[in-house]
Structure formats: C-alpha cells, structure tokens
Amino acid sequence: MSRVFITGSTAGLGLAAARTLMAEGHAVVLHARSKERASSLTATEPRSAGIVIGDLGSAAETRSVAEQVNRIGRMDAVIHNAAIYLERSRGDTPEGHARILAVNMLAPYILTALILRPERLVYLSSGMHQSGSGSLQDIDWKTRNWSAGQAYSESKLHVAALAAAVARHWPEVFSNAVDPGWVPTRMGGAGAPDDLEKGHLTQTWLAASDEPDTKVSGFYWHHRQRRKAAQEVTDPAFQDRLVETLGELTGIRLFQS
C-alpha cells in the first residue's frame, strides 16, 4: 500500500485519481482549495488518509499545504494535479504574481521543495506545452500583453521541465510528467474529445504501480506511453534557468549546488 497526496482532488481528474487509488487499497491524502470545497468530499473523506486545505494561488497557503502534508507523514508519491486554464486576465495573487503562474507552476515548485521527499513525483502537463515559449524573461506576465492560451501553454511547458529537472537532480526519485489528454472535466469542457477514464490512469499507475515500467524517471507520458516532449523540457540548460527563475520568484531554493 502506498500513501499518495494529490493536489486539486475535489473534482475532475484529481478526484478520479483519488478514487481509483483508494479502490486499489492505497492511502490517499486529498487537497481542497477551501473549507467550502472540502465539504464536497464528504462522501469520499471517510476512505481518505486526510484532507489538507489551501489556495495554491497564495504562496503562504501553499506553504501551509506542505506543512499539513508533512504533519500527516512522508508520502510515497505526490501527484501535482491542480491547475487552472483560460484565465480572462493576468489576475493578482497576494504576492503579486499572475494567478495561472502561481497555481500551475509556483505551487508545484514550492510543494516539491517543502514536502518531505517522496519516492515518486508526477506532474500533470498538457499537449499544449508544445506551444509554450522557450523564453523565461517574463513568465510572470508583467510586461507582455495578456494571452490566456499562451500563459497556460507556458505553464505546462515549465511544469514538464520541472519534472525533468527533478529527475536529473534527484536520481533516487522517480519524477515524470503526464499529458492526460483533453478530457471532459469542468476545466476541459463537456465537448472535450479524449477519454476521461484514460485521463487519470497514467498518473495513478506511475504513482503506485509495482510494474517495472513505472520505475523510471524523466519521461513525458500520454496514456501509459512515452511521448516526445518539447525540446526545452529535456534541455538541462533550460531546466536550470527555469529552476533559478522559480527560486527567485518564490525565495525558495530547490536544489543544493
């Protein structure tokens, strides 16, 4: 039995992954953005290993999420599932960051740094990462004109690169990125053409399976198949520039030199 923490697990792919893992006998720690969102887990909570609460758009609350998880105990795996999609505007977090950057990128970075190191890390990316820009000059959208689609694509490029960087720097951890496909969740929309069931099974497989194929690191997956990621994802120089940028934005150092 594995103990797995899943961000953004009150609905959609996160909740589907949680239910699958619990049905397989694993201990799952759930995450909700607020107490109100946590109340939606009433039917699921009795089977879970706990619920942590915090808005990942806030660095302070993200730190609190890490502290809550660590109080429960060391996880065997963490699935970084939480994300937001087409934001109408840049938004403004308590720390002054673009909200999509904070939720989709800064939060996984902070949690990776602060949660007791697990054996496995799974980061949800997207096929849209292929359209993400390779530039890191303005990832917080302070000078560029806002583009919701580009901001989302960049965040998914960056989270896939973070997964690869972790794989390179922490060889004892199995770290991988997953494209779940365009699935009919609340975020994806009812008309999304991909398979909702397949959309969550790759991440649960990578997080908890004993199959030899899951005990690998640094790959980009879609429906349990390895896929080629954008060039930046596998570029060590880009990974290092990204991690340095995220460290500057958060004040947290991920890797020791």
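Throughout, read-outs are computed from the coordinates displayed, never taken from laboratory work. Just so we're clear, the structure is a prediction, and the values are computed from it rather than from any experiment. With ideal geometry, Cβ positions are generated from the backbone for all residues, glycine too; neighbour counts draw on all protein chains shown.
Return the Rg/Rh value of the chain, two decimal places, where both radii are evaluated on C-alpha atoms and Rh is the Kirkwood radius.
Numbers: Rg = 16.6 Å, Rh = 17.9 Å.
Ratio value, two decimals: 0.93.
With unit charges on the beta carbon (Lys/Arg positive, Asp/Glu negative), name the residue among SER40, MET1, LEU13 whose Cα is farthest towards the positive pole of the charge dipole of the chain.
SER40
For the chain, set up a Gaussian network in which alpha carbons nearer than 10 Å are linked by springs, and say which option among ARG74, ARG144, ARG117 fluctuates the most.
Among ARG74, ARG144, ARG117, the largest mean-square fluctuation in the Gaussian network model of the chain belongs to ARG144.
So what is the relative contact order of region 3-250, in percent, for Cα pairs below 8 Å that sit 6 or more residues apart? Walk me through the intermediate numbers first.
On the way: 491 pairs, mean separation 44.7, N = 248.
Over region 3-250, the number comes to 18 percent.
Which of GLN68, GLN203, GLN137 moves the most in a Gaussian network model of the chain with Cα springs under 10 Å?
GLN137
Using the Kirkwood radius over C-alpha pairs as Rh, can you work out the diffusion coefficient of region 21-98 via Stokes-Einstein at 4 °C, viscosity 1.567 mPa s, in µm² per second? Please report the intermediate quantities before stating the final value.
Working: Rh = 14.0 Å.
It comes out at roughly 93 µm²/s.
Using only DSSP helix segments of four residues or longer, with each worth -39500 (n - 2.57), what per-residue ellipticity at 222 nm results for the chain after dividing by its residue count and rounding to 500? Intermediate values should be presented prior to the final figure.
On the way: 7 runs with 88 residues, N = 257.
One gets -11000 deg cm²/dmol as the mean residue ellipticity at 222 nm.
Hey, can you list the DSSP H helices of the chain whose Cα span along the axis is 15 Å or longer and whose average Kyte-Doolittle score is at least -1.0?
12-23, 59-72, 148-169, 196-208, 236-250
Among ALA23, ALA32, ALA11, which one shows the highest mean-square fluctuation when the chain is modelled as a Gaussian network with alpha-carbon springs under 10 Å?
Greatest mean-square fluctuation among the candidates belongs to ALA23.
Return the inverse of the average 1/r over all pairs of distinct C-alpha atoms in region 45-145, which is the Kirkwood hydrodynamic radius, in Å to one decimal.
On the way: mean 1/r = 0.0670 Å⁻¹.
Result for region 45-145 stands at 14.9 Å.
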